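Have a look at the structure below, then the notes.
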Amino acid sequence: MSTDPLTADPALKGPASPAADKQAMAGRARRFGALHQAERTLRSMRAYGTVIIFSSVSQPIMYILAMGLGLGVLVGEGGDFAEYGASSYLMYIAPAILASTVAMAAGIEFTFPVMEGFKWRRLYYGAQASPLSPGQIASGHILAVSVRFGIHAAVFTVVLYLFGAISSPLGVLMIVSAMLGGLAIGLPIMAYVSTLRDEKGQMSLIQRFVIMPLFLFSGTFYPLTNLPGFLQVLGWFSPIWHANELGRLLAFGQPTPAWLIVVHVLYLLGITVTAWLVTVRIFTRRLGLEEWRGRTPGAKADARRQDRLAVKDASDVARSAAAETAPASRGELPRISFRRGFGANYYSGNIRAVFGRGLTAIRNNRGVIFLSGLLEPVLFLTSFGLGISPMIAGVDAEQVGLSGGGTISYAAFIAPALLAVSAMNGAIFDSTWNVFFKLKITKLYRTMMSTSLGPVDVAVGEICLALFRGGLYALGFLGVLLVGGLVDPLAAVLMWFTALFVALGFASVGMAVTSFMTRFQQMDWMMMVLMPMFLFSATLFPISVYPVGVQAFIQALPLWHAVELMRDIAFWDFSGLTLVHIGYYLVMIVAGLALTTYRMKKLFLR
Amino acid sequence: MPVEHAIRATGLTKRYGDFTAVDGIDFTVNRGESFGLLGPNGAGKSTTMRMIAAVASRSAGTMSVAGLDPEKNGPEVRARLGVIPQQDNLDEELSVRENIIMYGRYFGLPRRWLSAKTEELLEFAQLTHKATSRVEDLSGGMKRRLTIARALVNEPEILLLDEPTTGLDPQARHILWDRLFRLRESGTTLVLTTHHMDEAEQLCERLIVVDEGRIMAEGSPAGLIRDHSTREVLELRFGMDRNQEQAQQLTTLLGSPGPASSNDPVSSNGSATAGRDVGFSHVEVLPDRLLVYAGSAESALEQIHAAGLRPMTSLVRRSSLEDVFLRLTGRTLVD
Ligand SMILES: Nc1ncnc2c1ncn2[C@@H]1O[C@H](COP(=O)(O)OP(=O)(O)OP(=O)(O)O)[C@@H](O)[C@H]1O
Ligand SMILES: [Mg+2]
C-alpha cells in the first residue's frame, strides 16, 4: 500500500487537467476501494431491505414464541438451566438462535450474490473495469454482508431485550460473536463458491448438506452434550457452536473455563481470517491478469453421463441396424391424438408426456441433489429426537389429544409431524418456486404450450411429478422411522398415502397461488408464512401450551391438520376429528384445483 | 370439409393494457402458400404469430387456422402447427436428442416412431454428432437449428417461422431455405417473419408489411417493388455530415425540371430534361448514405455529375424489397 506519488503531490492535484483528477480518483479508489464496493453491494441489498428488516424483527419473535415458550413448557418440566447460568429455557436458547439466524443469512449472502457476481450478471467483471482491485471487490462484499449481519443482529438483540430474553447488558456483545460466527461459516463457503464457474445445484447442496446440519447439530436448542459422542464432534467443528457458546457466555455468563473461551475466539477468528485471505486470492486469480475461469463442478459426472448416453446410442443404432429398420422406413406420421369434446381446449389427454419429461430431467440432473430432499426430515428427527429427549420425560398422551393415557417418547411424537412438514415443503416448493422458475426463467411452459398439450395437461403433469418426488421422500423417511421403531408397518403404509394426500392439497393450492405471482420477491414473502406455520403447528410441541385463542388460530391452518392426521394414524387413534382433517384437505384439493383451472391462462399463457 | 385458406384473420387486434400491439389487421394465407410478415422492430409480427399459434389471446377480431378457432380448439390447432419462436426456448435440462423426442411426445407421438424421426431431424440440423450433448453446450446457431428441427417433428401442415435464420451462418441459411422450398413443394404452408429482405424475396410468394400494428402494403415481392419503388436505385455517399444537405439539393436538382436545366450550363445534351426522363421519385436519407429513387439511375447519376456534385462513392442497382421496406416503414425525411 504505497502512496501514489502523483496524488501525494498537492501541486499536481489541482483541477488543472481532468487527467490529474482521474489520477486522484484512481488513487482514492485504490485506498478505499473495498468501501466503494461495499457501498455498491449494500445499495443493491436495499431492493429487498424490507424483507431483511421484517425478518430481523419477526424471526426472534417467532422463535421466542415457538421454541422459547412453546417447547420451553415441555422442557421446563424436566430440564434445569441454572447450571448453565440461565434462568429459563428461553434465555438459554436466545443467544444461540441469534447466532443461528446469522449463520442462515450467511448461507444466502455468501452464495447467490457471489455466483451472480461471477456468472449470472457478471457484476464483478464490471467492477473489475474500474480501478478496484479484485481483492477489494471481495472484501467489499464481505464488509457489506457484515453490515447486514450487524443490522440484523442489532434488531434481533433489541427484540430479545424487550421480551426479557436477555438480562445482562453485556449481552449487546452477542452481536459481535454472532457476526463472527456468521463470517466463520460464510467465508469458507464464499471461497468455495468463488471457484465455481457454473452453478449446477451447488447452492441448494450447500444449504442442505452444510448449513442445515451445522444448524441442527450445534447445540442451538439443547446443550451439545445431550447428543451422542460422535455427533458432538460435528458440533465442535461447527462455527455455529462456538458462536452459540460465546453468545451464552456474554448473555448470561454461562460458566466456561478460560481456555475454552480462548478456543472459541481463536477458532472463529482463525477461520474468518484464513478464509478471507483465500477468498481474496481466488478473486485475484479470477479477476486479475490470469483470468482464471473457475472450475466446472460436475464436469466429470457430465462426461460420464455423455459416455453412458453415447454407449446407449451405439447399441440403439446397432439394434436398429440388426432389425434392418433404416430411418426412412419409419412410416407415415401416426395420428396425433388429442381429446375432443368437453374442455378439449384445456385438456388434450397427454399428461404422460409432461410427467415423462420431468422424469428425464430428474435423471439428467445429479442424483445427489434429488436425494438431498430426503435428508432434511431425517436430520431434524435425529437432532431433536436425540438432543431434546434427554430434557423431556416424554409427552403426555392426553396433552396432545390422544386417548389411552400414558406418555410417548419425544421422537415418536415429532416423527409423524416431520413427515407432514416434509410433504408440505416438497409440494410447495415444486408447485410454486419450480413452476414459477419454469414459467419465467426457462420458459418451459411456453414450449409445451406450443404443442398440442393443454394447460391442464401441464398442470396435472407437474402435480404428478411433485407427488412422485414427495412420495419417494416419504418412502425414505418412513423407512428410517420403521428401522428406528417409531412406527409400525401398517401405520407406515397408511402414512405414506396420507403424505401424498397432504402433498396434493398443498400442491394444488400452491399452484393457484403461483398464478397470482408476478415477481420473485413474492416468493420470499411466501416462505415467511411457511416458517411460522412449521414452528407453531404442533410439530415440535403440543399446542395446548398456548391460550385458547391462539390454539384456534393454529387449528385453522392446514399444516396442523396434516400433523394431527399423521399422528392419528401413527398412534392408531382415530376420532371424529380425523374426518375433519381429511375433509379439510379434500376442500383444499378441490378449491385449489378449481382456482388453478380458473387461472389456467394466467398460469401458463403469459 | 377441406378449407381453402390455411389462416384467415379479420380485424385481428392485440392490446397490452393501453398499448395496441396489433391494430385490426386482416389477412388470408392460402393453403400451400408461403406468406411473409415484414415490419420494423416492435411492429407486432411476433404478437401476430403468437395469436396464430394459439399461445396469445386476441383482444378483438376473428381468426381461423385450418378452419378452427385457435382460442377454442388450442390443442387441435397446435397439433397441425410447427412453431419456431423468435427466441429459442430449448429445454436446458434435456440433451439435444431428448429435446426432439420430448417435443414429439408432447404431441402424443409414439416413442418408436419418434426415435427414427429424431435421427432424421438431427441429420437435417447437422447435429448428429452432438446428439448427447447438453443444450447449453451448443453454439447459438446450433441452438437455432435444433429449434427448427424440433418444430418439424410433428410434420406440421402450417409452419410458423419467426425470424428463423437469425444467428445462422450462410451455409446453414441456404440449407434451411432449401429445406423450406421442399416443404412448400410437399404442400406445407409457411408463414414467416424476417428482417432479411433477400430471404423474404427468396421465400415468400406473398407478404404483408406491417408497422405499428397496421398493414402498410400487401402483395408479391415483385408487385410490391413495382408499386412502391422505382425500377432502379442510386446509392450515394457524400460523407457523414453532408448527406442531409445534399439530399435537399438532389431533390431540387432531380425533382423539378425547371431549375435543374436552367442551372445546368454544362448540359450540352439537349435530351437531358431532368425529372421525366430520369423517372425521379424521391431521396431517402440513411445514416451513412443517400438513396436516390429513379427509373434510370444511370441518367440520374449523369445529371448529378453534370451539376458538379461529387459523391465519394456511387452505386447503381435494381430496386429491392429493402427499398420498399424503407419507403413504407422508414421515416422519410425528404420526399
Ligand atoms: N407481453 C407483452 N406485454 C406488453 N407489451 C408487449 C408484450 N409483448 C409484446 N409487446 C409489445 O408489443 C409490440 C409488438 O411486439 P412484437 O414482439 O410483436 O414485435 P415484432 O414485430 O416481433 O418486433 P421484432 O422485429 O423486434 O421482433 C412491441 O411494442 C412490444 O413492446
Ligand atoms: Mg418479433
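Looking only at residues in region B:35-80 that are within 11 Å of another protein chain (Cβ to nearest Cβ) and basic (Lys, Arg), the one that is nearest to ligand 2 (Cβ to nearest atom) is B:50. Name the residues in region A:463-486 that are within 28 Å of residue B:73 (Cβ to Cβ) and either free of Cβ contacts under 8 Å to residues at least 12 places away in the same chain or surrounded by 24 or more Cβ atoms within 10 Å (Cβ to Cβ) (or both), would you? Residue satisfying the conditions is A:463 alone. Remark: residue A:572 matches the filter, which requires a residue to be in contact with a helix residue (DSSP H, G or I) (Cβ under 7 Å, 6 or more places away or on another chain) and open to solvent by 40 Å² or more (accessible area, probe 1.4 Å).
This table checks each residue for (1) within 16 Å of ligand 1 (Cβ to nearest atom); (2) at pLDDT below 90; (3) in contact with a Leu (Cβ under 6 Å, 6 or more places away or on another chain).
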residue: A:525; (1), (2), (3): no, yes, no
residue: A:534; (1), (2), (3): no, yes, no
residue: A:556; (1), (2), (3): no, no, no
residue: A:567; (1), (2), (3): no, no, no
residue: A:591; (1), (2), (3): no, no, no
residue: A:599; (1), (2), (3): no, yes, no
residue: A:602; (1), (2), (3): yes, yes, no
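Within region B:134-151, the set of residues being within 11 Å of chain A (Cβ to nearest Cβ) and either within 16 Å of ligand 2 (Cβ to nearest atom) or crowded, with 23+ Cβ neighbours inside 10 Å (or both) comprises B:147, B:150, B:151. Reported count of residues in region B:162-174, each being touching a strand residue (DSSP E or B) at 6+ places or on another chain (Cβ under 7 Å) and either part of a helix (DSSP H, G or I) or charged (D, E, K, R) (or both), is 2. The condition (being under 30 Å from residue A:543 (Cα atoms) and in contact with a helix residue (DSSP H, G or I) (Cβ under 6 Å, 6 or more places away or on another chain)) is satisfied by just one residue among A:117, A:70, A:135: A:70. Each residue in region B:152-208 was checked for being closer than 14 Å to residue B:125 by Cα, surrounded by 18 or more Cβ atoms within 10 Å (Cβ to Cβ) and of a type outside the set (S, T, N, Q), and 8 of them qualify. Cβ separations smaller than 6 Å between residues 6+ apart or across chains give the following pairs from region B:105-116 residues that are aromatic (Phe, Trp, Tyr) to residues that are open to solvent by 30 Å² or more (accessible area, probe 1.4 Å): B:113/A:330; B:113/A:334.
Does region B:94-121 hold any residues that are more than 19 Å from residue A:457 (Cα to Cα), within 7 Å of chain A (Cβ to nearest Cβ) and either among the hydrophobic types (A, V, I, L, M, F, W, C) or touching a strand residue (DSSP E or B) at 6+ places or on another chain (Cβ under 9 Å) (or both), and which are they? Within region B:94-121, B:94, B:95, B:113, B:116 meet the criteria.
Condition check ((1) more than 16 Å from ligand 1 (Cβ to nearest atom); (2) modelled with pLDDT of 85 or more; (3) assigned to a strand (DSSP E or B)) across all residues:
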residue	(1), (2), (3)
B:176	yes, yes, no
B:179	yes, no, no
B:187	yes, yes, no
B:191	no, yes, yes
B:202	yes, yes, no
B:217	no, yes, yes
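Residues in region B:284-295 that are touching a strand residue (DSSP E or B) at 6+ places or on another chain (Cβ under 6 Å) and open to solvent by 20 Å² or more (accessible area, probe 1.4 Å): B:289 only. Yes or no: residue A:104 over 23 Å from the mean Cα position of the chain (by Cα) and not hydroxyl-bearing (Ser, Thr, Tyr)? When the stated conditions are applied, residue A:104 does not pass them. Here region B:1-19 is the region considered, the condition is being farther than 30 Å from residue B:178 by Cβ and more than 13 Å from ligand 1 (Cβ to nearest atom), and the residue that is nearest to the other protein chains (Cβ to nearest Cβ) is B:1. Here residue A:85 fits the description: modelled with pLDDT under 85 and either within 20 Å of residue A:261 (Cα to Cα) or outside the structural domain of residue A:237 (by TED's automatic domain parsing) (or both).
Residue-level check: of (1) at pLDDT below 90; (2) within 16 Å of ligand 1 (Cβ to nearest atom), residue B:208 misses just (1). Does residue A:62 fit the bill of being among the aliphatic types (A, V, I, L, M), open to solvent by less than 20 Å² (accessible area, probe 1.4 Å) and in a helix (DSSP H, G or I)? When the stated conditions are applied, residue A:62 does not pass them.
Residue count for region A:539-561, restricted to those that are touching a Gly at 6+ places or on another chain (Cβ under 9 Å) and not in a helix (DSSP H, G or I): 4.
The values are calculated or read from the model by the stated rules, or taken from the named source; none is laboratory data. The structure presented is a predicted model; accordingly, all values stated were derived computationally and were not measured. Because the Cβ atoms are built from the backbone with ideal geometry, glycine has one as well, and the counts that use them run over all protein chains shown. Side chains included, ligands, DNA and RNA excluded: accessible areas come from the protein's heavy atoms. Shrake-Rupley method; radii C 1.70, N 1.55, O 1.52, S 1.80 Å.
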